[in-house]
1. Angle, helix 249-266 long axis vs. longest principal axis of the chain, Cα atoms, 0 to 90°, nearest 10?
2. What Kirkwood hydrodynamic radius, in Å, does segment 177-334 give when the mean of 1/r is taken over all pairs of distinct Cα atoms and then inverted?
3. Mind pulling the angle between the C-alpha long axis of helix 298-312 and the longest principal axis of the chain? Nearest 10 degrees, somewhere in 0 to 90.
4. Per DSSP helix of 4 or more residues, -39500 (n - 2.57); summed, then divided by the residues of the chain. What does that give at 222 nm, rounded to the nearest 500?
5. Out of the chymotrypsin sites (Phe, Trp or Tyr not before Pro) in segment 199-299, which ones are loop residues according to DSSP with at most 16 other C-beta atoms within 10 Å?
6. When only DSSP loop residues count, what trypsin sites (Lys or Arg not before Pro) in segment 171-259 have their Cβ near at most 14 other Cβ atoms within 10 Å?
7. Tell me the Kirkwood hydrodynamic radius of segment 60-139 in angstroms, computed as one over the mean inverse distance between distinct C-alpha pairs.
8. Put +1 on the Cβ of every Lys and Arg and -1 on every Asp and Glu Cβ in the chain; which of N292, Q166, Q200 then has its Cα farthest towards the positive end of the dipole?
Amino acid sequence: MQVFTVIDGRVECGALLHSHTLSNGMVIPVIAVGEEGRGRKQAMIPVANVPRSDDAPGRLLYADLGSTKSGGPKLIARQEPGGDTEAIVVFRTGIGYRGGNSHTGDRAGWACRRWGCKAEGDGQYPATCPDCGHDVTIRFAPFPGRILATGIIAQGNAGRMGSGEQIVAVVPRGVVFRTGYSGRLYGRPAAHYYLFDGEQLLAATWEERMATDILPLPYARPEPVNDVTIADILALAAKLPAGLPDTGAIDKLQHERGELQAALTTGDMPGAFTEVADVAYYAAKAIHEAANAAGLTVEQALAVCAAKYGLRAQPGNPKDDAAERAAVLAVLGE
Ligand SMILES: [Zn+2]
């Protein structure tokens, strides 16, 4: 099996080997998770067959699972993967400030948070409970791996400020699993999702999964919102300080297009989507402003647009000014 280490969404190949001194003075290589101290627990798995080296024990890249004489788990180092249906993962999972963490399977529907409300579903969670309007909670499938060892990390004296688990587990190929973090995260993601594909261990946030195909989604991607009209956008615009008509809309449109480019350059996709929202907003306002300047409604602006560009889109893309003038007058009933 391949060995990986995951640290809150960051994936490393292999796992760091530590030297552990037994009570009889013998030093053995181990994989360790957790911490030593009050309210904490360090968990170790001995590793056999590690090539002798003069310096640090190095990294464990591939291993088989065995057992110690007392029946505990033991890893047996190997020189090549030797199978791709499972992987060994060392979870050095963190916790938020005064928080905790969790190791689960993929998202598996939702349930209403309100006591007594039985509403629940299998798909993407709704904004509020469709039965009672209360908040809903996301449900997660059980952790799909076999846990070999569990350590505990903590904050504060005796771990009273917060604590969480770090585990070593065997995970199956092709099944999504997750590390979640609670407490104050200071802008960091609240969870990461992973998948062993037989070669690599892939990691993504939920937002990255929704925006890409890095990991398969547990349910169908929501249908794209395509029933919003320009009138809907303009109804929102009328409630905002700039109001309607906005003579600055075209300048702002150009500015927002520049901000979109900046977001795309840094690879910030959620940021880029908010800039697309700005571009769509000012494009709608620019149509409204131009229509208003010429004494037309937005519907008439779209109608003259379709009339003119219906001619332009003909074979050969003709530019016939007289025909275009006649066409726009015709749709305006003049
Ligand atoms: Zn409810």
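What follows is calculated from the coordinates using simple rules that are stated; it is not laboratory data. Just so it is clear, the structure is predicted and the values come from calculations on it, not from any experiment. Glycine gets a Cβ as well: all are built from the backbone with ideal geometry, and neighbour counts include every protein chain shown.
1. So the helix axis and the longest Cα principal axis differ by about 20 degrees.
2. On the way: mean 1/r = 0.0507 Å⁻¹.
Averaging 1/r across every pair of different Cα atoms and inverting gives 19.7 Å.
3. That helix lies at roughly 90 degrees to the long axis.
4. Value at 222 nm, helices only, nearest 500: -8000 deg cm²/dmol.
5. Numbers: sites: W206, Y219, F273, Y281, Y282; in loops: Y219.
Answer by residue number: Y219.
6. Details: sites: R173, R178, R184, R209, K239, K252, R257; in loops: R173, K239.
The qualifying sites are R173, K239.
7. Working: mean 1/r = 0.0591 Å⁻¹.
With all distinct Cα pairs of segment 60-139 included, I get 16.9 Å.
8. Toward the positive end, the furthest listed residue is Q166.
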